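Q: The structure is given below, and queries will be raised subsequently.
The values are calculated or read from the model by the stated rules, or taken from the named source; none is laboratory data. Note that this is a predicted model, so its numbers are computed, not measured. Cβ: placed from backbone, ideal geometry, glycine included. Neighbour counts: every protein chain shown. For the accessible areas, the whole protein counts, side chains as well, though only heavy atoms, and no ligand, DNA or RNA atoms are used. Shrake-Rupley method; radii C 1.70, N 1.55, O 1.52, S 1.80 Å.
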Amino acid sequence: SATPTTTQLILPTRKFPNMRRIVIQSALVDPIGQQFWLHTFDNPVDPVPWPIFKELFYEYFQYPMPVERSRSKDANVLRLLYLKLAVNAQDSDKVTLRDYGNAVDAFGPLKDGLEIFLQRAEEILSYPFFCTEVQTNEQVRYFLKGQSDGTFIVRFSTQLGVPFTLSV
């Protein structure tokens, strides 16, 4: 079966107001994460531009937005960059509900506070075996080709509810 288009997903959310909540709940388990997306974005299936997402995310959680400066070694700026990696916005400069849900599943729960969430993201994403740029099985095969036995990487999963994949 074909994947539904954005229009096909938007129409039911307008016709059936609870559909919006159901779509969000199906993409993310964390209740605080659900509330953020539900109260912040009108359409759960539209990607959100990274600059808008980061401003609203920090504002919602009442956390001071770091001032991004090139070459800054400020821990809060680095955490903001790790957040961008966590929600998979480094290439597209957009955040989808699916990628946000995977990030919250991976580094949450958000009830522990945004500081702890950002620290977890920084810790896990800074491991040398974590590869944010490898996303498909074909890329994994290319990346690991010629490596010695036992070489592995951890990457973001493409499955909902499964934040990471171990590739050997």
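Q: Pick from TYR127, TYR142: which is surrounded by fewer than 18 Cβ atoms within 10 Å (Cβ to Cβ), out of contact with any Leu (no Cβ under 7 Å at 6 or more places or on another chain) and modelled with pLDDT of 90 or more? Explain how you work it out, then say what you get.
A: On the way: TYR142 fails: modelled with pLDDT of 90 or more.
Criteria check complete, one pass: TYR127.
Q: Here are some conditions: (1) in contact with a helix residue (DSSP H, G or I) (Cβ under 6 Å, 6 or more places away or on another chain); (2) open to solvent by 40 Å² or more (accessible area, probe 1.4 Å). PRO31 meets all but one. Which one does it not meet?
A: Result: PRO31 passes all but (1).
Q: So, ALA86, is that one among the small types (Gly, Ala, Ser) and within 25 Å of PRO128 (Cβ to Cβ) or not?
A: Details: among the small types (Gly, Ala, Ser): yes; within 25 Å of PRO128 (Cβ to Cβ): yes.
Yes; evaluated as a whole, the condition is true for this residue.
Q: For the subset of the stretch 145-168 comprising residues that are surrounded by 16 or more Cβ atoms within 10 Å (Cβ to Cβ) and among the small types (Gly, Ala, Ser), which member is farthest from VAL77 (Cα to Cα)?
A: We begin by selecting, within the stretch 145-168, every residue surrounded by 16 or more Cβ atoms within 10 Å (Cβ to Cβ); these are 153-157, 163, 165, 167.
Now drop any that are not among the small types (Gly, Ala, Ser), which leaves 157, 167.
Details: SER157: 26, SER167: 30 Å.
Among those residues, the one meeting the criterion is SER167.
Q: I need the full set of residues from the stretch 76-112 which are of a type in the set (Lys, Arg), part of a helix (DSSP H, G or I) and open to solvent by 40 Å² or more (accessible area, probe 1.4 Å), in order please.
A: If we filter the stretch 76-112 for residues that are of a type in the set (Lys, Arg), which is where we start, we get 79, 84, 94, 98, 111.
Now drop any that are not part of a helix (DSSP H, G or I), which leaves 79, 84, 98, 111.
Scanning the stretch 76-112 gives LYS84, ARG98, LYS111.
Q: Report yes if VAL67 is of a type in the set (A, V, I, L, M, F, W, C), free of Cβ contacts under 8 Å to residues at least 60 places away in the same chain, farther than 20 Å from GLN159 by Cβ and open to solvent by 50 Å² or more (accessible area, probe 1.4 Å), otherwise no. Walk me through it before giving the result.
A: Values: of a type in the set (A, V, I, L, M, F, W, C): yes; free of Cβ contacts under 8 Å to residues at least 60 places away in the same chain: yes; farther than 20 Å from GLN159 by Cβ: yes; open to solvent by 50 Å² or more (accessible area, probe 1.4 Å): yes.
Criteria met by VAL67.
Rundown of residues vs (1) small (Gly, Ala, Ser); (2) touching an Asp or Glu at 6+ places or on another chain (Cβ under 7 Å), yes/no style:
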{"position": "VAL87", "(1), (2)": "no, yes"}
{"position": "SER92", "(1), (2)": "yes, no"}
{"position": "LEU97", "(1), (2)": "no, no"}
{"position": "ALA103", "(1), (2)": "yes, no"}
{"position": "PRO109", "(1), (2)": "no, yes"}
{"position": "TYR127", "(1), (2)": "no, no"}
{"position": "SER148", "(1), (2)": "yes, no"}
{"position": "SER157", "(1), (2)": "yes, no"}
{"position": "THR165", "(1), (2)": "no, no"}
